[in-house]
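Structure, as structure tokens:
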Amino acid sequence: MDRQQQLRDAVGAFFEGPRDLDRLTLMSDDVEWWNGLGKFPAAPGKTVFVGKDEIGRLVLGRAPSPRQPNGRRVDRYDLATMKCEDVRVISEGDFVFRQHNYSATTMGGRDYENVYGFLFRFDADGLIDRIWEHWGTLQAWETLFQGPLAVTDFDLVLQTTPSVRKRLDLKRPVERSVIEECMNLAVHAPNGSNQQPYRFLFVDDHKRKQELADIYRGAMSDFIGRARTESPEDNIDRSGSQAQRIAESVAYLADHMQDVPVLCIPIVAGRTDGNAPGDQAERTSVFWQAGRWGSVVPALWSFMLALRSRGLGTAWTTLTLIREQEVAEVLGIPYEKFMQVGMFPIAHTIGLDFQITPRRPATEFIRWNDYRGEEI
Ligand SMILES: Cc1cc2nc3c(=O)[nH]c(=O)nc-3n(C[C@H](O)[C@H](O)[C@H](O)COP(=O)(O)O)c2cc1C
């Protein structure tokens, strides 16, 4: 067989040879593999891999990949599911170039598709001694290396994290592992003296959720039936179409709260409403209030953003605080020691595309150097 055909066959085997073929046997001892990504967790920044050992370990993934600093692992594709289509092969001298459209399912069960162009150089013995791997690196990074992130653009996560109510997927369970992963990120938020004086209670037990949902609905009717004052929060204009849509969505959540896969009740140590025991009852000033809420809300919002980036939705609700003691009794929270932040339904969202949340522009809220002259 002529050398050109041999080299082309070696490239064919490299991609489509039997599963038990050790691809390292097609390479020379001092082989080099360039792939330009620089994102392998075990070798950050490295774009060229040298020698069979390094290539076997890092590129071909013989050893399980270590966790990335954010706790995620690379979601490798399952070789048993790979397919190469639209294969083009060109050879000349010691070089063979092959381009194909590669598709596979990842170990995490997601679809992966990418275009690869590989240039191979062979030595005199017909072994590969240099590989240049050209591929859609962004596509690979987002699908394989970022792990199961639904929204990878951080700015977009900030702009498109709405209060999800009607688009909470009530049928799809929420794995505890995703909650733990997001909490692992959330705990890095700032908090007073780094005491982390919070706890996050997650409820996935149906009976408990039913009890909490009943409290939520009871609190809602308390709120609707409350005595009104002149202040703005008692006089919100609900006649517009946007306000109507919110009201409909709020009613939907109230009706389905018990069906949401997980309800989260974050709490923070120390009461600032005067109901704390002993001397602590004095700690009601804005200083103490800001310190308490500021020690839980940043972590909570980080948690909600991390969920959103993974395709889960939440809604900030505070109505249960009207009946905070009832919730404390259901969950066994020592009421005199902890304040609740609210109740946060968590579910996968139906679809991942959300509009940018409608807000007035920042220019309306920014003041430089002086506030005087402002009408509230
Ligand atoms: C402090 C606070 C309390 C809230 N309380 C409730 C609530 O009890 N029930 C509810 O359905 N939504 C509640 N919301 C959600 C707001 O209605 C929602 O953020 C607002 O309408 C804007 O909608 P969007 O976030 O989807 O753009 C609350 C939000 C905040 C920040």
message: Looking at (1) in a helix (DSSP H, G or I); (2) over 30 Å from Glu329 (Cβ atoms); (3) within 16 Å of the ligand (Cβ to nearest atom), which one does Asp222 not meet, given that it meets all the others?
response: (2)
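To keep it simple, each residue is scored yes or no on (1) part of a strand (DSSP E or B); (2) touching an Asp or Glu at 6+ places or on another chain (Cβ under 9 Å); (3) within 16 Å of the ligand (Cβ to nearest atom); (4) hydroxyl-bearing (Ser, Thr, Tyr).
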{"residue": "Ser302", "(1), (2), (3), (4)": "no, no, yes, yes"}
{"residue": "Thr320", "(1), (2), (3), (4)": "no, yes, yes, yes"}
{"residue": "Tyr335", "(1), (2), (3), (4)": "no, yes, no, yes"}
{"residue": "Leu352", "(1), (2), (3), (4)": "no, no, yes, no"}
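Quick check on this structure: which one of Thr314, Thr318 is closer than 29 Å to Thr160 by Cβ, in the same structural domain as Val178 (by TED's automatic domain parsing), surrounded by 16 or more Cβ atoms within 10 Å (Cβ to Cβ) and not charged (D, E, K, R)?
On the way: Thr318 fails: surrounded by 16 or more Cβ atoms within 10 Å (Cβ to Cβ).
Unique residue meeting the criteria: Thr314.
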query: Which of the residues spanning the range 255-281 are closer than 13 Å to Met339 by Cα, without any contact (Cβ under 8 Å) to a residue 40 or more places away in the chain and within 16 Å of the ligand (Cβ to nearest atom)?
result: none
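Taking the stated definitions as given, is Glu85 under 19 Å from Val115 (Cβ atoms), surrounded by fewer than 15 Cβ atoms within 10 Å (Cβ to Cβ), over 26 Å from the mean Cα position of the chain (by Cα) and in contact (Cβ under 8 Å) with a residue 40 or more places away in the chain?
On the way: under 19 Å from Val115 (Cβ atoms): yes; surrounded by fewer than 15 Cβ atoms within 10 Å (Cβ to Cβ): yes; over 26 Å from the mean Cα position of the chain (by Cα): yes; in contact (Cβ under 8 Å) with a residue 40 or more places away in the chain: no.
So Glu85 fails the test.
When you look at Arg165, is it modelled with pLDDT of 95 or more, assigned to a loop (DSSP other than H, G, I, E, B) and surrounded by 12 or more Cβ atoms within 10 Å (Cβ to Cβ), yes or no?
Working: modelled with pLDDT of 95 or more: yes; assigned to a loop (DSSP other than H, G, I, E, B): yes; surrounded by 12 or more Cβ atoms within 10 Å (Cβ to Cβ): yes.
Yes.
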- request: Pick out the one residue from Tyr198, Tyr216, Tyr252 that is within 12 Å of the ligand (Cβ to nearest atom) and buried (at least 17 other Cβ atoms within 10 Å of the Cβ).
  value: Tyr216
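Please verify whether Asp279 is surrounded by fewer than 17 Cβ atoms within 10 Å (Cβ to Cβ), assigned by TED's automatic domain parsing to the domain that holds Lys166 and over 29 Å from Val157 (Cβ atoms), treating the condition exactly as stated. Spell out how you get there, then give the answer.
On the way: surrounded by fewer than 17 Cβ atoms within 10 Å (Cβ to Cβ): yes; assigned by TED's automatic domain parsing to the domain that holds Lys166: yes; over 29 Å from Val157 (Cβ atoms): yes.
Considered against the rule, which asks whether it is surrounded by fewer than 17 Cβ atoms within 10 Å (Cβ to Cβ), assigned by TED's automatic domain parsing to the domain that holds Lys166 and over 29 Å from Val157 (Cβ atoms), Asp279 comes out as yes.
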message: Given the options Asp9, Asp22, Asp78, Asp53, name the one that is under 30 Å from Leu185 (Cα atoms) and among the charged types (D, E, K, R).
response: Asp78
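Residues Arg308, Arg238: which one is within 14 Å of the ligand (Cβ to nearest atom) and in a helix (DSSP H, G or I)?
Values: Arg238 fails: in a helix (DSSP H, G or I).
That would be Arg308, the only listed residue that is within 14 Å of the ligand (Cβ to nearest atom) and in a helix (DSSP H, G or I).
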task: Could you please give the count of residues in the range 287-300 that are within 23 Å of the chain's Cα centre (by Cα) and in a helix (DSSP H, G or I)?
output: 4
query: Pick from the range 170-192 the residues that are acidic (Asp, Glu) and in a helix (DSSP H, G or I): which of them is nearest to Phe344 (Cα to Cα)?
result: Glu180
task: Looking only at the range 193-210, decide whether some residue is in a loop (DSSP other than H, G, I, E, B), closer than 30 Å to Glu326 by Cα and among the basic types (Lys, Arg).
output: no
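The values are calculated or read from the model by the stated rules, or taken from the named source; none is laboratory data. Since the model is a prediction, treat every value here as computed from it, not as a measurement. Positions of Cβ are generated from backbone atoms using ideal geometry, with glycine treated the same way; all protein chains shown enter the neighbour counts.
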